[in-house]
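Asker: Structure in structure tokens, see below.
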Amino acid sequence: MIRQFELVENVKAYDLSADEDALNRAYVFAMKAHGHQKRASGDPYFSHPLEVAEILTNYKLDSKSIITALLHDTIEDTDVTSEDIEDQFGNEIAHLVEGVTKLTKIELQSAQSDQAENFRKLVLAMSEDIRVLLVKLADRLHNMRTLQFIENTEKRRRISLETMEIFAPLAERMGMQEMKNELEDLAFAELNSDARSSITARLQFLRDEGKDNVDAVVSELKNTLEKEKLPANVLGRQKSPYSIWLKTQRKNVSFEQISDIIAFRIIVDSTQDCYAALGVINQAYRVIPGRLKDYISTPKPNGYQSLHTSVIGPEKQRIEIQIRAKGMHEIAEYGIAAHSLYKQNGDAASGKEFRWLRELLEILDQTANPDDFLEHTKLEMYPNQVFCFTPVGDVIVLPGGATPVDFAYAVHSEIGDHCVGARINSRSMPLRTELDNGDQVEIITSQAQIPSPIWENFVVTGKARAHIKRFIRSREKEEYISLGQAILEGAFANEGYEYTETIAHDVLTVFNKSTIDDLCADVGAGHITGLSVVEAVFPGIKEENKSRLLSFARVRSLRKKSKVNDKIRPAIAIKGMIPGMALHYAGCCHALPGDRIVGIVTKGRGMTIHTIDCEKLEDFTDTPEHWIDLSWNEEELDGFHVGHITLVVGNTLGSLGKLCTIIGNNSGNISNLKITNRTPEFFDMSIDIEVRDAKHLTAIIAALRAIPEIKQVERGRS
Ligand code: MN
């Protein structure tokens, strides 16, 4: 276990501006926080964060990363809170430690192979700061190094699988070859220990046979290059058992056939020297054809650059050689972590070869001080996506801004259609809540629930939107059909006729409809008025209705013609009328029996009836001679009259149907309906209802006000 002063010295060796005091305080803070806690190995728990910190000093990370490593398990495993850390070490460190804690929590989810890529994306998306990911990788590396102390086989397997599928590929993506190799090999030892033992046995055999004469090959390669005035650092490294195993799988050969177990590296000063060295090697040894790969002119996506070749080497053995410049080597071994050093060396041009890091480097280029590199490389890898979990640990990928409704539809359209609520990270939250990376989302469903038009306001996925729209449209149509049928029945009755489907069928072509349902739906939606359907059936009554002009004579003749229902018929029974004068109701106030009324005589239009409180009457205050006092003739009042109401109705499914039912139950007939404005939340509409008198209409209004779907209802003043 590294000692406190050694750790601080290590950091100071490469980071002159390291915050020595904070490092010392973090060391003591973490040691105290973990107290007597023990690892599975029996070591004091504190040895773990300390080892993680040490791993990261090998990558020469800034002192804030090292402090984060020391503190990384305190929030999760001790009484320490992020507030405590903020108090002691400031906001930035607290944020970094919280980031690592968050990543630790998502590890607890299951890691299924088909979900691996999504998991990797999730980890990247959640590591808002690249240092969070670097600490997490070092944490995982140390946990893998001490995996054998965990007794539970299942747990060891799960951690190894996760390492193989999530963390090793992430290390590779970060360009950290060395870490990737070690993670893979440790996981391999757990997941396929038989294969690994066979390979290590073979390696041991080759060593014993003296076949891995690494030192001899290294010095001969070195001499060959020096003769050509190419000073180079030559390294020989045994390949990892896992990479050998992959090779046997890929080439379908047995371990016994594997002979090239050492990879040689030639490290020179410049890109130019790389090609020069390749020329020297090709001259000196027999080249194995088809093995040359130029990753300098075409780097790998993670920025890796090298020349690869295979030759029959100095000891007449087949060997693989990688040739690279110093900067390339650092990147190949340490990946993004090498960048802070790399920039300081002033060799920025090669850094641009990191394709996936290009954006990050652009941020770097804007911040003049290379020391700021790590601080400014925020990992905004997937800014337009969020990664969430189902309760069983599946990852659901959604666009940014997505809500539980989007999530529900992404899981299954049935779940979407019936979702009534959501629990996000075990807390009940509104369906319109924006989801965050790593949220665990549980959708609560009810078979009674149906999609709400309001959802359309906040869903962001096409799938959710399409399902909601389709559902609403089909349900709306059903409602409009029954509403339209009620309107038609009322409109026909209003004129003294009975509405039948046969009648409707006869006029379908007039309205260019193919079915009665289509006609009713359009009437219900207010696109066709009930009256126009009546007029289409009985063209004779069109003129009168157009002007809504009714004379006594007309009323009487209609009464006589009335075939159907004697009690439903228009009647005007008013005292004070001038006999023979045309009479109509003002559209502004729709007077009903029971209202106090007044008549206004205008030239050419006859008499118009207003209620006494109608605002329109103000227009006639200067011409009192036009005013005629009227009253209802109670004895003659036996028919129905058209009252008018305006409403604001919640745009939820079923609300229009309820409206219809309430009016019907209160013996009102809807004779016309118009939707004047429609938003996702509300309908504004006006309705003509046949009622006995003002009291009857007031009763209907009162009944309507009692249902919550109806937000507002007033006697019409249209
Ligand atoms: Mn840890």
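Asker: Scan segment 285-305 residue by residue and report those that are crowded, with 18+ Cβ neighbours inside 10 Å and at negative phi.
Answerer: Residues satisfying the conditions are TYR285, TYR295, ILE296, PRO299, ASN302, TYR304, GLN305.
Asker: Just for strands (runs of 3 or more DSSP E) wholly inside segment 543-660: which have at least 2 residues that are at pLDDT 75 or above and among the hydroxyl-bearing types (Ser, Thr, Tyr)?
Answerer: 606-611
Asker: Of the conditions (1) away from the ligand (no atom under 16 Å from the Cβ); (2) in contact (Cβ under 8 Å) with a residue 40 or more places away in the chain, THR68 fails just one. Which one is it?
Answerer: (1)
Asker: Going by what's in this entry, would GLU83 be described as at pLDDT 90 or above, outside any loop (DSSP other than H, G, I, E, B), acidic (Asp, Glu) and within 15 Å of the ligand (Cβ to nearest atom)?
Answerer: No: the conditions fail for GLU83.
Asker: Looking at GLU162, GLU178, GLU184, which one is open to solvent by 40 Å² or more (accessible area, probe 1.4 Å), at negative phi and assigned to a helix (DSSP H, G or I)?
Answerer: Of the residues listed, the single one that is open to solvent by 40 Å² or more (accessible area, probe 1.4 Å), at negative phi and assigned to a helix (DSSP H, G or I) is GLU178.
Asker: On the basis of being among the hydrophobic types (A, V, I, L, M, F, W, C), within 30 Å of SER65 (Cβ to Cβ) and in contact with a helix residue (DSSP H, G or I) (Cβ under 7 Å, 6 or more places away or on another chain), does LEU141 make the cut?
Answerer: yes
Asker: What number of residues within segment 606-630 are closer than 22 Å to ARG715 by Cα, in contact with a strand residue (DSSP E or B) (Cβ under 7 Å, 6 or more places away or on another chain) and surrounded by 14 or more Cβ atoms within 10 Å (Cβ to Cβ)?
Answerer: 7
Asker: Of all residues being away from the ligand (no atom under 11 Å from the Cβ) and assigned to a helix (DSSP H, G or I) in segment 31-46, which is least open to solvent (accessible area, probe 1.4 Å)? Just the residue, please.
Answerer: Selected residue: ALA33.
Asker: Residues that are under 25 Å from MET126 (Cβ atoms), open to solvent by 30 Å² or more (accessible area, probe 1.4 Å) and assigned by TED's automatic domain parsing to the domain that holds VAL386: which strands (runs of 3 or more DSSP E) entirely in segment 402-465 hold 3 or more of them?
Answerer: 427-429
Asker: Could you tell me whether ALA168 is part of a helix (DSSP H, G or I), away from the ligand (no atom under 16 Å from the Cβ) and open to solvent by less than 10 Å² (accessible area, probe 1.4 Å)?
Answerer: Considered against the rule, which asks whether it is part of a helix (DSSP H, G or I), away from the ligand (no atom under 16 Å from the Cβ) and open to solvent by less than 10 Å² (accessible area, probe 1.4 Å), ALA168 comes out as yes.
The values are calculated or read from the model by the stated rules, or taken from the named source; none is laboratory data. Owing to the predicted nature of the structure, the values given are computational and were not obtained by experimental measurement. A quick note on method: Cβ atoms are made from the backbone with ideal geometry, for glycine too, and the neighbour counts reach across all protein chains shown. Surface accessibility is based on the protein's heavy atoms, side chains included, excluding ligands, DNA and RNA. Shrake-Rupley method; radii C 1.70, N 1.55, O 1.52, S 1.80 Å.
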